[in-house]
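Trainee: Here it is: the structure, laid out below.
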Amino acid sequence: MRTILMTFTLASLVATAGLAADIKAGQAIYDKSCKSCHGADGTPNAAVAKMKKVEMRDLKSAEVQAMSNDDLKKVITEGMGKMTPAKTITGASLDNLVAYVHSFKK
Ligand code: HEC
C-alpha cells in the first residue's frame, strides 16, 4: 500500500517538473537551430541581415522580449517576413526554446 502511494507521489512530482520549461534544453535547440542567424546571445548576424536585405531585431531588445510566448512560437513555427519557419520544433522543445529566448536580457 505504502509503495503504491510513494509511486503515485513520485509520478506527480515528475509530471509537475515536466511542466516547467527547461531553459538548458532550450539553449541546446537555440544553438543548433537559431544561433547561426541570431547569434549566441540574440545579437543578429550582420551577414545574414545583409544577405536577406532585412533589418533584424536583436532578440535581447525590449520589442522582442515584450513578445508573449505564443507570439514567439508563431514566429518560430510559421516564420515572419524573411525568417524561415522552424517547423520541426514542437511541443516541449518549443516551450523550452521560447523560455530560453525570454531569458535573453540586455
Ligand atoms: C536562416 C536565418 C535564420 C534562422 C536559422 C532563424 N532566424 Fe529568426 N529571423 C531571421 C530573420 C532574417 C528575421 C527577420 C525577419 C523579417 O523581419 O523579415 C528573423 C526574425 C526573428 C524573430 C522576430 C524578431 C523581430 O524582428 O520582431 C524572432 C523572435 C526570431 N527570428 C527567432 C528565431 C528563433 C527562436 C530561431 C530558431 C528556431 C530562429 N529565429 C532561426 C533569420 C533566421
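Nothing in this text is a laboratory measurement; each read-out follows from the coordinates by a stated rule. Remember, it's a predicted structure, so these values are computed and weren't measured experimentally. Virtual Cβ from ideal backbone geometry, glycine too; neighbours counted across all protein chains shown.
Trainee: Which one is nearest to the chain's Cα centre (by Cα) among residues in the stretch 47-86 that are more than 10 Å from the ligand (Cβ to nearest atom) and closer than 19 Å to Ala28 by Cα?
Mentor: Per the stated criteria, the residue is Asn69.
Trainee: Moving to a separate point now. Being in a loop (DSSP other than H, G, I, E, B) and either touching a residue at least 12 places away in the same chain (Cβ under 8 Å) or not β-branched (Val, Ile, Thr) (or both) is the filter here; which residues of the stretch 65-87 pass it?
Mentor: Ala66, Met67, Ser68, Gly79, Gly81, Lys82, Pro85, Ala86, Lys87 - these are the residues of the stretch 65-87 that are in a loop (DSSP other than H, G, I, E, B) and either touching a residue at least 12 places away in the same chain (Cβ under 8 Å) or not β-branched (Val, Ile, Thr) (or both).
Trainee: His38 passes all but one of (1) more than 6 Å from the ligand (Cβ to nearest atom); (2) in contact (Cβ under 8 Å) with a residue 12 or more places away in the chain; which number fails?
Mentor: (1)
Trainee: Exactly one condition in (1) more than 10 Å from the ligand (Cβ to nearest atom); (2) more than 11 Å from the chain's Cα centre (by Cα); (3) not aliphatic (A, V, I, L, M) is not met by Asn96; state its number.
Mentor: Answer for Asn96: the failing condition is (2).
Trainee: Which residues, taken from the stretch 35-64, are part of a loop (DSSP other than H, G, I, E, B) and in contact with a helix residue (DSSP H, G or I) (Cβ under 8 Å, 6 or more places away or on another chain)?
Mentor: Matches in the stretch 35-64: Ala40, Gly42, Pro44, Asn45, Glu55, Met56, Arg57, Asp58, Leu59.
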